[in-house]
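Have a look at the structure below, then the notes.
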Amino acid sequence: MITWVKGGEVVDPRRGTKRALDIVIRKGKIEGILPPGDFSPSSDTELHIIDASGMMVTPGLIDMHVHFREPGEEYKETIASGSQAAAAGGFTAVACMPNTNPINDSRSVTEFVLERARKANLVRVYPVAAISKGLKGESLTEFGDLKNAGAVAVSDDGRPVTNTELMRRAIEYAWFFHLPVISHCEDLDLSNKGVMHEGSISTRLGLRGIPAASEEIMVVREILLAKLTGYPVHISHVSTEGSVKFIKQAKEEGIPVTAETAPHYFSLDHTAVIDFDSNAKMYPPLREPKDVEALKRGLSEGVIDVIATDHAPHSALEKDVEFDKAAFGIIGLETALPLTLALVREGVMDLPMAIAKLSYNPASILNIKGGIIEEGKEADLTIIDPNREYVIKRDSFRSKGHNSPFIGFRMKGKAVITMVGGRVVWKSDELNPSS
């Protein structure tokens with residue numbers, strides 16, 4: 001059977017273009033990319049037509065930073081439920097961080113994650129393995145064995161590698177195996193059990209604050225280690241003006257560093273915590289308006305390469321408690337796309353740049369397939385209705401977690417079809433492709 005995606009505006013993030021084109025898919029791969037009207041199937045061809053008129057057709061979105069909680073905390077999220085949330089958000093691939101229980105620091109856990117993903121049979125799931133055994137920051141894991149098992153990167157996300165010598169060896173060791181290193185930047189002594197950004201709001205609320213410097217000090221360390229070793233480091237969840245400045249300087253000097261931020265950091269600031277809403281509690285914390293503006297500049301100028309969700313589901317057991325005791329983290333897979341499209345409407349980025357940060361760039365950093373629309377490649381596609389308006393409702397999430405500060409927000413822009421290998425894994429109820 002042939003699938004014909006017709007009438008859409010195809011966004012090519014690699015070339016920075018958007019054009020009216022039709023896409024022809026056969027056996028899971030893109031067979032043709034043609035001007036409208038150029039495809040003439042024979043009368044006996046078994047044809048599935050998807051009318052994408054008024055829609056944007058992009059490479060499948062890729063989230064290089066999620067927490068699916070399985071193994072160990074399946075009551076918060078499973079690989080199956082997380083995959084459903086990803087597909088509903090327009091994501092065709094995700095990279096799962098290793099801070100599960102047990103931690104993904106061995107071949108057996110990596111293989112377990114991949115097996116669960118195969119059973120879910122929705123989106124592509126790429127395990128990220130731990131840098132250090134048990135995330136303790138004391139000794140390195142077996143990078144080669146983990147890569148052979150299917151890991152695509154290494155990270156101690158959830159905790160920093162505080163031992164600088166160990167982090168240096170991790171960068172060198174990982175590069176030998178062509179594994180990207182993803183760094184969680186936090187000075188634990190400075191963050192010191194803080195629960196929100198250190199500033200005027202934390203003082204008013206009487207909550208222990210986390211200074212911006214707790215992130216920035218470690219960002220500088222990773223930049224210096226990348227310079228020392230000559231090997232790349234990827235900085236996770238950038239949240240401060242200072243971090244953007246240091247990363248920009250590093251790139252201007254030719255130091256091999258890349259960076260990501262999350263939609264909540266360019267959409268909200270620390271005032272979201274005023275009512276002690278634990279859904280606005282995350283790490284790094286929401287910062288000040290000047291930090292939000294710096295992140296937007298960083299995205300616009302290419303300092304920040306990737307938009308990743310840091311999707312971190314929790315149950316009511318961890319969130320519906322006093323703010324001090326609530327867990328850090330929010331869900332993000334189902335709100336990332338509309339929040340990013342809001343930046344496009346604001347003029348922060350054009351559409352191809354925004355889609356690059358959600359597809360081509362994370363694929364390039366992780367060295368995985370995807371992020372492009374090209375003949376002969378897998379048909380991983382996201383079809384987006386840029387004008388769909390809706391309100392985020394608590395019971396609308398496919399994720400098991402409902403911990404989102406965006407509940408009640410009016411959004412514009414929605415993934416209406418998500419395709420993995422030419423197979424529709426998500427279709428909005430409002431859209432009914434003809435066949």
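Among the listed pairs Lys251/Lys296; Lys119/Lys369; Lys136/Lys296; Lys133/Lys296, a Cα-Cα separation exceeding 25 Å is found for Lys136/Lys296; Lys133/Lys296. Counting other Cβ atoms within 10 Å, which trypsin sites (Lys or Arg not before Pro) in segment 11-52 have at most 13 and lie in a DSSP loop? Answer by residue number: Arg15, Lys27. Of interest is the spacing of the C-alpha centroids, which for segment 357-427 and segment 140-172 amounts to 29 Å.
Result for the chain in a Gaussian network model with C-alpha springs under 10 Å: among Arg124, Arg168, Arg204, the largest mean-square fluctuation is at Arg204. For Ile210, the residues whose modelled amide H falls within less than 5 Å of its own, excluding neighbours fewer than 5 places apart on the same chain, are Val195, Met196, His197, Glu198.
With θ taken as phi - 60° and the Karplus curve 6.51 cos²θ - 1.76 cosθ + 1.60 applied, the whole-hertz 3J(HN,Hα) list for segment 399-409 is 5, 5, x, 10, 7, 10, x, 9, 4, x, 6 Hz, x standing for glycine and proline.
Against the longest principal axis of the chain, how steep is helix 79-88, in degrees 0 to 90 to the nearest 10, with axes from Cα atoms? Its long axis makes an angle of about 60 degrees. Each residue of segment 386-397 was assigned a 3J(HN,Hα) from its phi angle through the Karplus curve 6.51 cos²θ - 1.76 cosθ + 1.60 (θ = phi - 60°); the sequence is x, 9, 5, 10, 6, 10, 6, 10, 4, 8, 8, 6 Hz, with glycine and proline shown as x. The phi-based Karplus calculation (6.51 cos²θ - 1.76 cosθ + 1.60; θ = phi - 60°) puts the 3J(HN,Hα) values of segment 330-337 at 9, 7, x, 4, 9, 10, 4, 5 Hz, whole numbers, x for Gly and Pro. Got a sec? Which residues in segment 333-361 would a label at Lys412 touch, if it sits 7 Å along Cα→Cβ and we count backbone N under 18 Å? Taking a point 7 Å out along Cα→Cβ of Lys412, the residues of segment 333-361 whose backbone N falls under 18 Å are 335-352, 354-355. Principal-axis analysis of the Cα atoms of the chain puts helix 289-300 at an angle of about 50° to the longest axis. Secondary structure note: in the chain, about 50% of the DSSP beta bridges are antiparallel.
Modelled spin labels at Lys27 and Asn121, positioned 7 Å past Cα toward Cβ, are 2.1 nm from each other. Most fluctuating residue of Ser364, Ser243, Ser106 in a GNM of the chain with Cα springs under 10 Å: which is it? Top of the fluctuation ranking is Ser364.
Between amide H atoms placed 1.01 Å from N, distances below 5 Å from His402 occur with His314, all of them 5 or more places distant or on a separate chain. Computed from Cα positions, the angle between helix 164-176 and the longest principal axis of the chain comes to roughly 30 degrees. Ordering Asp395, Asp105, Asp277 from the fewest to the most neighbouring beta carbons within 10 Å gives Asp395, Asp277, Asp105.
Amide H contacts of Ile50: Trp4, Val5, Lys6, each under 5 Å away and 5 or more positions distant or on a separate chain (H built 1.01 Å from N in the peptide plane; Pro and chain starts excluded). By the helix-only formula, in which each DSSP H run with n ≥ 4 contributes -39500 (n - 2.57) and the sum is divided by residues, the chain has a 222 nm mean residue ellipticity of -8500 deg cm²/dmol. Structure remark: mean-square fluctuation, Gaussian network model of the chain, C-alpha springs under 10 Å; the largest value among Met353, Met97, Met411 belongs to Met411.
No value in this document is a laboratory result; all are computed from the given coordinates. In this text, all values refer to a predicted model and were calculated from it rather than measured experimentally. Neighbour counts run over all protein chains shown; Cβ positions are idealised from the backbone, glycine included.
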